[in-house]
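Since the structure comes first, as structure tokens, the remarks are kept for the end.
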Amino acid sequence: MSSPVLSLDSTDQPVSQAAGSTESGAVMASRPGAITLTRHGEPALSRKCLITARQYGDWWAKYEVGGLLAGQTPPPELVATAQGAGAIYASTRQRAQETAAAAAAGREVLSDVLFIEAPLPPPPVPEWIKLSPKWWGVVSRFWWHAFDHHGGQETRAQAEARAEQAARKLIARAETGQDVLVFAHGYFNHMVGARLKADGWKLVHNQGFKYWSQRRYEKR
């Protein structure tokens, strides 16, 4: 598969001044483009194991730097979305980069750390408790969300502020009339989607949060 052209500059390219421009210089379209949040494909790291909370911390660290399971093909609908997008962003994590390479081959992809997943530090529980990584993810997310257990990593408040920043970036690009596509992560996509809804964007196409899934928002 071909690799997309990656830009490591997280800032958008300036848009030339034109009729309908704002004072900041961004062109405002009469109708904003859509914003599609996509989850990456299935990662290579196996979840078929029983581990302690401490071991889950090590597992998550490997997951964060790992890529996709070999042999996957992006859904045709996602490929079509990528072909029609005016702007494409991807998290800097390898699994998101490889997803973008598969679905948006040949397209320019703006690689942005702003879209990485919210952290999943393991909760402080006894070593005799063993769960699969899938269920440690559920427990860790609850601890992080409900009790702000961050283990020195990004707090919930910081992640929410980052999601707000991400939503503003996507809205600004969509307001030029371009459809925007993001390759990122399940929970952070959920956080960004919540901010889009709060700003008046409607979820019009929902494939949930499974691998390769799309959630499309439009300003109604």
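Before moving on, here are some points about what is shown:
- Segment residue 113-residue 142, extension gain: residue separation times 0.36 nm, minus the distance between their alpha carbons: 8.1 nm
- Folded to 0 to 90 degrees: helix 156-174 orientation relative to the chain principal axis, Cα: 30 degrees
- Solvent-accessible surface ranking, highest first, for 139, 113, 65 at 1.4 angstrom: 65, 113, 139
- The C-alpha atoms of the chain define a longest principal axis, and helix 53-65 lies at about 30 degrees to it.
- Mean residue ellipticity (222 nm) of the chain, computed from DSSP H runs ≥ 4 via -39,500 (n - 2.57), nearest 500: -11500 deg cm²/dmol
- Carbon + sulfur, % of accessible area of the stretch 73-220 - ligands and nucleic acids excluded, 1.4 Å: 56 percent
- Each residue, residue 47 and residue 135, gets one label point 7 Å from its Cα in the Cβ direction; the gap between the two is 1.3 nm.
- P(r) weight above 20 Å for the chain, C-alpha pairs, percent: 60 percent
- Note on the chain: antiparallel DSSP beta bridges, both residues inside, total approximately 45 percent of the bridges counted.
- Cα-Cα over 25 Å, subset of 62/130; 62/197; 48/210: 62/197
- Rounded to 10°, Cα long-axis angle of helix 186-198 versus longest principal axis of the chain: 40 degrees
- Highest-MSF residue in the chain out of 143, 128, 59 [GNM, Cα springs under 10 Å]: 128
- In the distance distribution for the stretch 39-143, Cα-Cα pairs more than 24 Å apart total 34 percent.
- Ranking by accessible area, most exposed first, for 54, 162, 220 with a 1.4 Å probe: 220, 54, 162
- Nearest-0.05 FRET efficiency for residue 165 and residue 58, computed from C-beta distance (R0 30 Å): 0.50
- The phi-based Karplus calculation (6.51 cos²θ - 1.76 cosθ + 1.60; θ = phi - 60°) puts the 3J(HN,Hα) values of the stretch 202-207 at 10, 6, 10, 8, 10, 9 Hz, whole numbers, x for Gly and Pro.
- Between residue 217 and 35, 36, 37, 204, the built amide H atoms are under 5 Å apart, and every one of these is 5 or more places off in sequence or on another chain.
The values are calculated or read from the model by the stated rules, or taken from the named source; none is laboratory data. The shown structure was predicted, so the numbers you read here are calculated from the model rather than taken from an experiment. As a convention, Cβ positions derive from the backbone with ideal geometry for all residues, glycine included, and neighbour counts pool all protein chains shown. In case anyone asks, the SASA skips ligands and DNA or RNA and just uses the protein heavy atoms, side chains included. Shrake-Rupley method; radii C 1.70, N 1.55, O 1.52, S 1.80 Å.
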